[in-house]
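The values are calculated or read from the model by the stated rules, or taken from the named source; none is laboratory data. Worth saying up front: this structure is predicted, and the values here are computed from it rather than measured. No Cβ is skipped: glycine too gets one built from the backbone with ideal geometry, and neighbour counts run over all protein chains shown.
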Amino acid sequence: MFFFVGETAERTTKVINTARGCTLLIDEAYQLVPIDASRDFGREAIETIMGTVEGSNTTEDNRPAYIFAGYPEEMDRFLETNSGLLRRVTNNFMFANYTIEELFSIFVKMAKEIKFKVNISLDCATSEMAACFPTPVCARYNAGIARELLAACKSSVNKRLVDEICRSSAAPLASLSNSAMLIKEVDFLGACRAVQSKICPK
């Protein structure tokens, strides 16, 4: 969603109205008030939201149930930007970061959703992931690591498939098709190192 100064309140109100009586999730809510903000549309959106949390025309039945989500430090800063936020946001929940095993499970689920098969053991996968992605990195990227791994694996599979075609022009089509949708151990291990070099601080 993009906002422009002068129309923020109107567009925010439209979104709120569609969520009345339901739940409105505002993910990465702190992006409404970036540290280096040169525009005030985010604060205007927050003020519009706050006007629907309380007030004579607002009841529990017709207002959205708001969920403001984001990383802890950034959310602390977000809540401090408006004096009414701390008073109105009365329930806070802290969710634990994904474990290495959970991240691998998410990776497998994502792969299966696009019809890939994953041929790598849990022990091998989690051992390599633990070596490549320290706890602070996992905390920062969470499920983003699984998405990055899947993208890197797809690239590896494509390169491997091209190599197989070049080595054997007579390879059966069915064999190539099966190989094209199979993530092997070599693909995953290479993907871990590729993603590590991309997201981990030097």
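Just a few scattered comments:
- Verdict on S105 being modelled with pLDDT of 95 or more and more than 16 Å from the chain's Cα centre (by Cα): no
- In segment 96-122, the residues that are among the polar types (S, T, N, Q) and in a helix (DSSP H, G or I): S105
- In segment 77-95 there is at least one residue that is part of a helix (DSSP H, G or I), within 21 Å of the chain's Cα centre (by Cα) and modelled with pLDDT of 85 or more.
- Residue match in segment 62-73 (condition: modelled with pLDDT of 85 or more, among the acidic types (D, E) and out of contact with any strand residue (DSSP E or B) (no Cβ under 8 Å at 6 or more places or on another chain)): yes
- Residues of segment 119-132 that turn out to be farther than 20 Å from N97 by Cα and buried (at least 17 other Cβ atoms within 10 Å of the Cβ), as a count: 1
- Some residue of segment 133-141 being of a type in the set (K, R), within 20 Å of the chain's Cα centre (by Cα), on the phi < 0 side of the Ramachandran plot and exposed (fewer than 11 other Cβ atoms within 10 Å of the Cβ): no
- Restricting segment 11-46 to residues that are of a type in the set (D, E, K, R), at pLDDT below 85 and part of a helix (DSSP H, G or I), the residue that is nearest to L86 (Cα to Cα): R43
- Test for S156: is it in contact with a Gly (Cβ under 6 Å, 6 or more places away or on another chain), in contact (Cβ under 8 Å) with a residue 12 or more places away in the chain and either of a type outside the set (F, W, Y) or not assigned by TED's automatic domain parsing to the domain that holds F68 (or both): yes
- Candidates L189, L182, L176 - the one that is touching a Lys or Arg at 6+ places or on another chain (Cβ under 6 Å) and either at pLDDT below 95 or closer than 18 Å to I100 by Cα (or both): L182
- Scanning segment 100-118 for residues that are surrounded by 12 or more Cβ atoms within 10 Å (Cβ to Cβ) and in contact (Cβ under 8 Å) with a residue 12 or more places away in the chain gives I100, E101, L103, F104, I106, F107, M110, A111, F116, K117, V118.
- Of all residues in segment 123-137, those satisfying the criterion of being touching a residue at least 40 places away in the same chain (Cβ under 8 Å), in a helix (DSSP H, G or I) and not aliphatic (A, V, I, L, M) are C124, E128, C132.
- Of the residues making up segment 101-138, those that are farther than 18 Å from D187 by Cβ and touching a helix residue (DSSP H, G or I) at 6+ places or on another chain (Cβ under 7 Å) are E101, A130, V137, C138.
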